[in-house]
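Note sheet for the following structure.
The values are calculated or read from the model by the stated rules, or taken from the named source; none is laboratory data. Here the structure is a predicted model, which means the values were calculated and not measured. Virtual Cβ from ideal backbone geometry, glycine too; neighbours counted across all protein chains shown.
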């Protein structure tokens, strides 16, 4: 088993690309793209959705299908632009498993307004392929709030 807290620039680039594609699939409501990048037995801790772990991809596919409407306030998603930035990333690799932890910063523009959201995330990816033909997929995600007035306001009770 190999460990690298400072992975090669090539691997880091590949992992950032995978993370970016996962997040963009969520923003775009692209269920097929998200499913292709995620293990069927994925697990999530999402503080703003449920106080308990959520297992399996099916729940998240349903969430993604309504995400754009929810972000737009339930109205039309026309003119909705969602961008993300990954702040302070750290990558750890253990053979066929990699962990990336970071602060997710989201910028939402619509109707001349801009909203900002952020929280901390750790995502675990596993290579189900080989070294020559990798098939990295998301297997676990843990999201933690950053205590702000906005994060407290969206807690579901």
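Summed over the range 98-130, the residues that are surrounded by 14 or more Cβ atoms within 10 Å (Cβ to Cβ) and in contact with a strand residue (DSSP E or B) (Cβ under 6 Å, 6 or more places away or on another chain) give a count of 22. All conditions in (1) under 12 Å from the mean Cα position of the chain (by Cα); (2) within 15 Å of residue 136 (Cβ to Cβ); (3) surrounded by 15 or more Cβ atoms within 10 Å (Cβ to Cβ) hold for residue 44, with the sole exception of (2). Residue check: residue 134 meets all listed conditions (1) assigned to a strand (DSSP E or B); (2) under 14 Å from residue 15 (Cα atoms) but one, namely (1).
Does residue 123 fit the bill of being within 15 Å of the chain's Cα centre (by Cα) and modelled with pLDDT of 95 or more? Here the answer is yes, as residue 123 does meet what is asked. Look through 49, 82, 86 and report the one residue that is surrounded by 12 or more Cβ atoms within 10 Å (Cβ to Cβ), touching a helix residue (DSSP H, G or I) at 6+ places or on another chain (Cβ under 9 Å) and assigned to a loop (DSSP other than H, G, I, E, B). Unique residue meeting the criteria: 49. Take residue 10 and tell me if it is over 19 Å from residue 100 (Cβ atoms), free of Cβ contacts under 8 Å to residues at least 12 places away in the same chain and part of a helix (DSSP H, G or I). No: the conditions fail for residue 10. Residues in the range 106-131 that are closer than 21 Å to residue 79 by Cβ and assigned to a strand (DSSP E or B): 106, 107, 108, 109, 110, 113, 114, 115, 116, 117. Among the residues of the range 21-41, those identified as under 15 Å from residue 125 (Cα atoms) and either without any contact (Cβ under 8 Å) to a residue 24 or more places away in the chain or surrounded by 15 or more Cβ atoms within 10 Å (Cβ to Cβ) (or both) are 21, 22, 23, 34, 35, 36, 37, 38, 39, 40. The single residue among 82, 146, 133, 54 that is touching a strand residue (DSSP E or B) at 6+ places or on another chain (Cβ under 7 Å) and modelled with pLDDT of 95 or more turns out to be 54.
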